[in-house]
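K.L.:
The structure's right below; bear with me while I get my questions together.
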Amino acid sequence: MRLQDRVAIVTGGGQGIGEGICLELAREGAKVAVVDVVLENAEKVARAIVDAGGEAIGLKADVSNKAEAEKMVADTVARFGRLDILVNNAGINRDALFEKMTEEEWDAVINVNLKGPFLCAQAALPEMRKNKYGRVINFSSKGGAAGNVGQVNYSASKMGVIGMTRSLAKEFGRYAAKDGADFTCNAIMPGFFETPMSAKIPDKIKEGFITQIPLGRTAQPTEMGKVIAFLASPDASYITGTAVGVDGGFFMGVQC
Ligand SMILES: NC(=O)c1ccc[n+]([C@@H]2O[C@H](COP(=O)([O-])OP(=O)(O)OC[C@H]3O[C@@H](n4cnc5c(N)ncnc54)[C@H](O)[C@@H]3O)[C@@H](O)[C@H]2O)c1
C-alpha cells in the first residue's frame, strides 16, 4: 500500500491503459478520480474500485478545455481533500497521410495530447504544492517518437510531451530546493498495449510488430499500472525529467 492516503487523478481513465492505472493505484491505497470524456466509462471504473473496497469517483472532463480541467481538480479536492498525483494519460489519434491531413485533425490531436497535459498540470499544481508532494506523469509514445507514416500530428504531440516534461521537471526541482518538497515529473513511453486504441491496428500489422518485440508479446494495461504506481510513490523520489519506456524492448535505441 505505497499510496495510502494519496489522492490521484487519472485522465482517460475510463478504458484501456488509463483503466489499468486506476485499478493499480487504488490497489496501492490511493483514492482515485477517474476522469474521462465518456462519463459512463469513468463511473464504471470507479464503481469497480469501490466494489473491490477502494475509494474512487468518476468525473467527466475534456482535458483540452481549461475550465473543465480546473473543475476536475476542484471536484477531486472537494471529494477527497487533497491532490498528490496527476496521470496525464488521455490521448487520441487522428491518422492521415501528411498531404491529406486537415487542420482539424492536427488541432484535435495537439489539443488533447499536448495542451491537455499542460492545462491539467497547471490546474493541479497549487493543490500539490500545499502538500509539498507532487507527481505529474505524462503520456508520450515510443512509436510516436520514432515517427510513423500517417502520424505527423500524433508524433509532434508526443515529442512535445517529452519537452514539456523536461522543463516541468526543472521547474519542480526548484520547489524541492526552496521548501523541501518531493516533486517529480516524468514521461511514459508505452510500446504496444492491448487497448481499444490499439485494437484499431489491423491483425497483419500487429503480428509484424510482435515479431519486433524482444519479449514476444503485447502488454496488458495493468502492467502499466504497476509502473505508474511506483513512479507515483515516494520510492521514486529521485526519478525526474525522464522518459520511461514500457515497451518489452520494442523501441530500444530510439532516441528522444
Ligand atoms: N495502446 C498503446 O499501445 C499505446 C502506445 C503508445 C502510447 N499510448 C498512449 O497511452 C495513452 C492511453 O492509450 P490507450 O491505448 O489506453 O487509449 P484508448 O483510446 O483506449 O483510451 C483513451 C481514453 O482517453 C479518453 N479521452 C480521449 N480524449 C479525451 C479528452 N479530451 N479528455 C478526457 N479523456 C479523453 C477516451 O475516452 C478513452 O477512455 C494515450 O495517451 C496514448 O497515446 C498508447
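Bear in mind these aren't lab numbers, they're just calculated from the coordinates by the rules spelled out. As the structure is a prediction and not an experimental result, all values here were calculated from the model. With ideal geometry, Cβ positions are generated from the backbone for all residues, glycine too; neighbour counts draw on all protein chains shown.
K.L.:
Just a yes or no: is a residue in the stretch 163-177 within 16 Å of the ligand (Cβ to nearest atom) and part of a loop (DSSP other than H, G, I, E, B)?
P.N.:
no
K.L.:
Is there a residue in the stretch 186-199 that is of a type in the set (D, E, K, R) and either part of a helix (DSSP H, G or I) or more than 19 Å from the chain's Cα centre (by Cα) (or both)?
P.N.:
The answer is no, given that none of the residues of the stretch 186-199 is of a type in the set (D, E, K, R) and either part of a helix (DSSP H, G or I) or more than 19 Å from the chain's Cα centre (by Cα) (or both).
K.L.:
Mind checking which strands (runs of 3 or more DSSP E) fall wholly inside the stretch 4-112 and carry at least 2 residues that are away from the ligand (no atom under 13 Å from the Cβ) and over 23 Å from residue 161 (Cβ atoms)?
P.N.:
Output list reads 55-60.
K.L.:
Would you check which residues across the stretch 119-158 are surrounded by fewer than 18 Cβ atoms within 10 Å (Cβ to Cβ) and either within 13 Å of the ligand (Cβ to nearest atom) or not in a helix (DSSP H, G or I) (or both) and list them?
P.N.:
132, 146, 147, 148, 149, 150, 156 - these are the residues of the stretch 119-158 that are surrounded by fewer than 18 Cβ atoms within 10 Å (Cβ to Cβ) and either within 13 Å of the ligand (Cβ to nearest atom) or not in a helix (DSSP H, G or I) (or both).
K.L.:
List the residue pairs whose Cβ atoms are under 7 Å apart, where the first residue sits in the stretch 121-143 and is at positive phi, the second is part of a helix (DSSP H, G or I) and not hydroxyl-bearing (Ser, Thr, Tyr), and the two are 6 or more positions apart or on different chains.
P.N.:
132/179
K.L.:
Would a scan of the stretch 209-218 turn up a residue that is among the hydroxyl-bearing types (Ser, Thr, Tyr) and more than 15 Å from the ligand (Cβ to nearest atom)?
P.N.:
Yes, because at least one residue in the stretch 209-218 is among the hydroxyl-bearing types (Ser, Thr, Tyr) and more than 15 Å from the ligand (Cβ to nearest atom).
K.L.:
Something else now. In the stretch 19-69, what residues are surrounded by 18 or more Cβ atoms within 10 Å (Cβ to Cβ), of a type in the set (Lys, Arg) and touching a residue at least 40 places away in the same chain (Cβ under 8 Å)?
P.N.:
27, 31
K.L.:
Let me ask another. Just to be sure I understand, how many residues within the stretch 223-238 are surrounded by 15 or more Cβ atoms within 10 Å (Cβ to Cβ) and more than 16 Å from residue 86 (Cα to Cα)?
P.N.:
1
K.L.:
A follow-up question, please. Looking at the stretch 90-111, which of the residues that are under 21 Å from the mean Cα position of the chain (by Cα) and small (Gly, Ala, Ser) is farthest from residue 63 (Cα to Cα)?
P.N.:
Per the stated criteria, the residue is 108.
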